[in-house]
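> Just passing along the structure, written as structure tokens.
Where a number appears in this text, it was derived from the coordinates with a stated rule and is not lab data. Nothing here was measured: the structure is a model prediction, and the numbers come from that model. Here Cβ is always computed from backbone atoms with ideal geometry, including for glycine, and neighbour counts include all displayed protein chains.
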Amino acid sequence: MRRAKLFVSGLFLAAALAVSGPIVAAAAAQEAHIQVRVYDSHHHDYHNWDDREDRAYRGYSDGRHENYVAYEHRNHRYQKNYWKWRHNHPDRD
């Protein structure tokens with residue numbers, strides 16, 4: 001009786017592990033496309049922070065002859081001035 005109980009418990013455990021594998025794999029696949037959105041409080045809109053935005057931000061920093069400092073480490077006034085500049089300098093695709 002004890003062996004049968006251990007066998008059935010083992011089957012349930014194996015089934016639970018087999019089912020949870022694809023769920024974990026699906027979660028990992030979604031995390032590969034993490035999107036960062038930044039709110040522009042002056043213009044009341046959101047911007048996706050991606051490679052294109054990072055290039056524009058670095059261009060803004062270079063144009064001002066400043067050393068690169070990550071956007072999230074800048075003060076609010078600097079960020080506001082960046083978005084003001086960005087709205088006046090859209091991407092040209």
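> What's log10 of I(q)/I(0) for the range 48-87 at q = 0.17, 0.18, 0.23 Å⁻¹, Debye sum over Cα points only, no solvent?
Results for the range 48-87 at q = 0.17, 0.18, 0.23 Å⁻¹ read -0.39, -0.44, -0.75.
> To continue, here is another question. Please turn the phi angles of the range 49-61 into ³J(HN,Hα) values with the Karplus equation 6.51 cos²θ - 1.76 cosθ + 1.60 (θ = phi - 60°), one per residue in order, whole Hz, x for glycine and proline.
8, 10, 4, 5, 5, 5, 4, 5, 5, 5, x, 4, 4
> Using the Karplus curve 6.51 cos²θ - 1.76 cosθ + 1.60 with θ = phi - 60°, what ³J(HN,Hα) values do you get for each residue of the range 66-81, in whole Hz, with x for Gly and Pro?
Values per residue, Gly and Pro as x: 10, 5, 5, 10, 4, 3, 5, 9, 7, 6, 4, 5, 5, 4, 4, 5 Hz.
> Additional query: Taking the mean number of other Cβ atoms within 10 Å as a proxy for protection, how do you rank 78-88, 39-49 from highest to lowest? List each step's numbers first, then the result.
On the way: 78-88: 14.8, 39-49: 12.1.
Top of the packing list down: 78-88, 39-49.
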